[in-house]
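S.K.: The structure is given below, and queries will be raised subsequently.
The values are calculated or read from the model by the stated rules, or taken from the named source; none is laboratory data. None of these values were measured; they are calculated from a predicted model. Please note: Cβ atoms are built from the backbone with ideal geometry, for glycine as well, and neighbour counts cover all protein chains shown. These area figures cover heavy atoms from the full protein model, side chains too; ligands, DNA and RNA do not enter into them. Shrake-Rupley method; radii C 1.70, N 1.55, O 1.52, S 1.80 Å.
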Protein chains: 2
Amino acid sequence: MTYRKLFNYVCVARPAVSVLKWKDNVFLSVPLVLGVRNVFTNSSEGNAGFKPAKVAVVTKTTRCEFEQQRYRYSGLSEQDLKQLLAMKGSSYSGLLERHSIHTKNVEHIVDSLRKEGIEVRLVKRGEYNEEIVQWADAIVSAGGDGTMLLVASKVMDRFKPVVGVNTDPERSEGHLCLPVRYTSSFPEALQKLQRGEFRWQWRHRSRIYLEGTGINLTPVDLHEQQMSLEQHSKAHRISMNSSHKSGETSGPHLLPVRALNEVFIGESLSSRANYKSYKPRFTFSLHRASYYEISVDDGPWEKQKSSGVNVCTGTGSKAWSCNINKLAFQAVEDVLKMGNKLAGLNLTLDKEQIEKVTEEYNESLVFNPEEPKMLFSVREPIVNRVFSSSRQRGFTTKVCVRSRCWDACMVVDGGTSFEFNDGALATVQMNEDDALLTVVLE
Amino acid sequence: MTYRKLFNYVCVARPAVSVLKWKDNVFLSVPLVLGVRNVFTNSSEGNAGFKPAKVAVVTKTTRCEFEQQRYRYSGLSEQDLKQLLAMKGSSYSGLLERHSIHTKNVEHIVDSLRKEGIEVRLVKRGEYNEEIVQWADAIVSAGGDGTMLLVASKVMDRFKPVVGVNTDPERSEGHLCLPVRYTSSFPEALQKLQRGEFRWQWRHRSRIYLEGTGINLTPVDLHEQQMSLEQHSKAHRISMNSSHKSGETSGPHLLPVRALNEVFIGESLSSRANYKSYKPRFTFSLHRASYYEISVDDGPWEKQKSSGVNVCTGTGSKAWSCNINKLAFQAVEDVLKMGNKLAGLNLTLDKEQIEKVTEEYNESLVFNPEEPKMLFSVREPIVNRVFSSSRQRGFTTKVCVRSRCWDACMVVDGGTSFEFNDGALATVQMNEDDALLTVVLE
């Protein structure tokens, strides 16, 4: 058996007994795992190197593809589409250009992998599923952060590495992806992986337990751009009917998702079935405040009203959470001025100092993805005669929220949502097993 | 003709010629309006008093009524409903209690009005329409702020007074309503109105112009809890079909709404028709960042990405805008600490001082409803390698936003929404004619 096959065998199958030749060492692996070095540890000598035999490359849908699909239904020609976009102030040629850049970068990745003798399966995001995850030794996300979130959403194995490559660095932030230089020199990244010039990174993720009467455990895929109404209503009806029959409280159920960025809980649209005629009716709750009770780290319950609760991981602390909590220069300037005045000081604050404070404050909102803790934030808390909010933000290892909402849901990584209506109880926690394995190149 | 009838005649019909006896004065009103004192001015001697002959009282739907309606469709008995709510942790008797309180307060209002010989039409919010607005000399909103917003939404006449009464002060903030003491002593409020012991207040509102290709001018009523899918899709289909036919840019159209609180622009749910089969498909955009271009006071256009833009009036500056911009004690404390450290100061800030700064900052977000200006706020601006935001907040008399969103809308007062997709251009401004007439009791 070649070194590579043995390595893969150990990585993928974790067999009962195997012989591993590692540099000059020979190990015999037995069920008690005597003497086999954990291939996923970061030792002081560096890693042995990572050489997957089978890699799935999952690609995003570009804006161009989306627009083409959208208008194809209406029977418009490409020329019509171009005109229509122009009238809206969009440039069709611009979309084509971005699409072309993305496609070239994907080809570059695939070619680089194949040159190394790696078997590659190239899949569009719509085709990506659990079978592909099982098949692959590693998965490459070719797109932006959204594509990384999608790829991660189907990976439940903490030993299945996921690598993100930003295929449009000019348009995409890509903070879950490799540094942008590797986009155009992916062979360099591959070599580093093979030579062990990298570090494994486990990004902690959150799990959710849901319990209560009449809860609906059916996830709604928010990226399913074309989910038909019937499918959604049907899923809802089934759940409502069964809850009527049992009449019992059920749960807690562990939901089949792991949040890489965050779990967001708040009022939103929902569809509800009319029990008599099964005619769907809609409640639009574009901006209805969310009403709920919250307990942090098994602390006292607090009734709150806000625009929702965000519970994020270290990974997610750079994402939506950051935008919720970030302060603008303007706000920092006002606070410092008022603080000075109140303290009777006559300090002149120059622009640079205010910028420094703003930067320091905003950086304090971000934490390490490898820390097994979460940050909860109450978004736009409503504080008045009726409601209050003791802490707007804080670190936590456990958050419980009881819905008092008419039409709310829990949204995981902006991609999957679960109904979260009046009476449902959600618990958000971390568990080591849920971590996502990624790489950090040196 | 009695004094009252003359007074009303002048108020309502603005006749060509009329005789008005005002205290000891007699006026002759002619088309050039010589000598008739404007009954809606606040003079230094106080007002002549307001004595409407016909008043419409518009009531809210209580949570109890909503739940009863909701479950009636499923054939549940009241006992079943009680049990179901209990299992969800809600108290049916609690809902009944709030409903009872509201109902008693409404009866109190209606009785007080009728005792004064005023003709009263009591209408539920679902029955409220333009005909009632035309009929009434004044409209009383009996509910909370939401009911006031609904009542205001159908009043386009700047001389049609609207008075809000908070029918559940313990549960409702009611900042658009009269002070809570008048809820249980409405005759006192009536007397003050009749004796002129009050001030007229014109709350400025915003208007919206919409233009662009394929725009949809059909408002969606967000409070129509049971709007059927077919109605919504149909409205959308009509608009899409006509835009395909004309292929021309249309507008600017003045939308048939006036924002008393705010206009919010951002990504949200929308339904889109499938052109081939007319099967509705749904894009859920619960948290997709909004992408648009914005120009304030005819200034330079800026591409932005955020959770939306809020343009509010003085009235609205106490509402959602406030919650978007408000700072928590925690944030103010952190900023002041960092500012001190950076300036090399060793100030200890006590809790009271931080609270004061927090309060002062948050109060600076609110301004007078009678000022003809708006406050724009960018909600959770995304600032990264790709996007920037020069000013997060500021006063303005004109805001233009061009949508670059896939599925966005403009929401007026949380009650009416308009599609606002890629290429559409919205202009938000103020016009004196749009003000809403309310009262401030002394």
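S.K.: Could you figure out which of (1) away from chain B (no Cβ under 11 Å); (2) part of a loop (DSSP other than H, G, I, E, B); (3) among the small types (Gly, Ala, Ser) isn't true of A:ALA426?
M.R.: (2)
S.K.: Here is a follow-up. What is the number of the single condition among (1) of a type outside the set (Asp, Glu); (2) part of a loop (DSSP other than H, G, I, E, B); (3) modelled with pLDDT of 95 or more that A:ARG288 does not meet?
M.R.: (3)
S.K.: Hey, another quick one. Determine, yes or no, whether A:SER141 is among the polar types (S, T, N, Q) and crowded, with 24+ Cβ neighbours inside 10 Å. Before you say what the answer is, go through the steps one by one.
M.R.: Working: among the polar types (S, T, N, Q): yes; crowded, with 24+ Cβ neighbours inside 10 Å: yes.
So A:SER141 fits the description; yes.
S.K.: Could you tell me how many of the residues in the range B:307-324 are open to solvent by less than 10 Å² (accessible area, probe 1.4 Å) and closer than 13 Å to B:PHE376 by Cα?
M.R.: Count: 10.
S.K.: Moving on to the next point. Is it the case that some residue within the range A:60-73 is modelled with pLDDT of 90 or more and touching a Leu at 6+ places or on another chain (Cβ under 6 Å)?
M.R.: no
S.K.: Give me a count of the residues in the range A:55-102 that are part of a loop (DSSP other than H, G, I, E, B) and under 17 Å from A:SER141 (Cα atoms).
M.R.: 3
S.K.: Identify, by number, the condition in (1) in contact with a Lys or Arg (Cβ under 8 Å, 6 or more places away or on another chain); (2) outside any helix (DSSP H, G or I) that A:ILE132 doesn't meet.
M.R.: Among (1) in contact with a Lys or Arg (Cβ under 8 Å, 6 or more places away or on another chain); (2) outside any helix (DSSP H, G or I), A:ILE132 violates only (2).
S.K.: I'm trying to understand the selection: among the residues of the range A:397-414, which are surrounded by 20 or more Cβ atoms within 10 Å (Cβ to Cβ), closer than 19 Å to A:CYS312 by Cβ and more than 9 Å from chain B (Cβ to nearest Cβ)?
M.R.: Within the range A:397-414, A:VAL399, A:VAL401, A:ALA408, A:MET410, A:VAL412, A:ASP413 qualify.
S.K.: I've got another one for you. Would it be correct to say that A:ARG393 is more than 7 Å from every other protein chain (Cβ to nearest Cβ) and surrounded by 17 or more Cβ atoms within 10 Å (Cβ to Cβ)?
M.R.: For A:ARG393, the condition - more than 7 Å from every other protein chain (Cβ to nearest Cβ) and surrounded by 17 or more Cβ atoms within 10 Å (Cβ to Cβ) - is not met.
S.K.: Restricting the search to the range A:337-386, which residues are of a type in the set (Gly, Ala, Ser), open to solvent by less than 30 Å² (accessible area, probe 1.4 Å) and outside any helix (DSSP H, G or I)?
M.R.: Of everything in the range A:337-386, just one residue is of a type in the set (Gly, Ala, Ser), open to solvent by less than 30 Å² (accessible area, probe 1.4 Å) and outside any helix (DSSP H, G or I), namely A:SER377.
S.K.: Considering the range B:72-128 alone, what residues qualify as being within 24 Å of the chain's Cα centre (by Cα) and open to solvent by 60 Å² or more (accessible area, probe 1.4 Å)?
M.R.: B:ARG121, B:LEU122, B:LYS124, B:GLY126, B:GLU127
S.K.: Next up: Mind counting the residues in the range B:155-175 that are surrounded by 21 or more Cβ atoms within 10 Å (Cβ to Cβ) and at pLDDT 95 or above?
M.R.: 7
S.K.: If B:SER141 passes every condition in (1) without any contact (Cβ under 8 Å) to a residue 60 or more places away in the chain; (2) part of a strand (DSSP E or B) but one, which one does it miss?
M.R.: Unmet for B:SER141, out of (1) without any contact (Cβ under 8 Å) to a residue 60 or more places away in the chain; (2) part of a strand (DSSP E or B): (1).
S.K.: Between A:GLU360, A:GLU371, A:GLU355, which is within 30 Å of A:GLY314 (Cβ to Cβ) and within 8 Å of chain B (Cβ to nearest Cβ)?
M.R.: Checking each option against the conditions leaves just A:GLU360.
S.K.: Continuing with this model, one more query. Right, B:ASP334: open to solvent by 10 Å² or more (accessible area, probe 1.4 Å) and more than 12 Å from every other protein chain (Cβ to nearest Cβ) or not?
M.R.: Criteria not met by B:ASP334.
S.K.: Could I ask something else about it? Among the residues of the range A:188-215, how many are more than 14 Å from chain B (Cβ to nearest Cβ) and either in a strand (DSSP E or B) or under 26 Å from A:GLU432 (Cβ atoms) (or both)?
M.R.: 14
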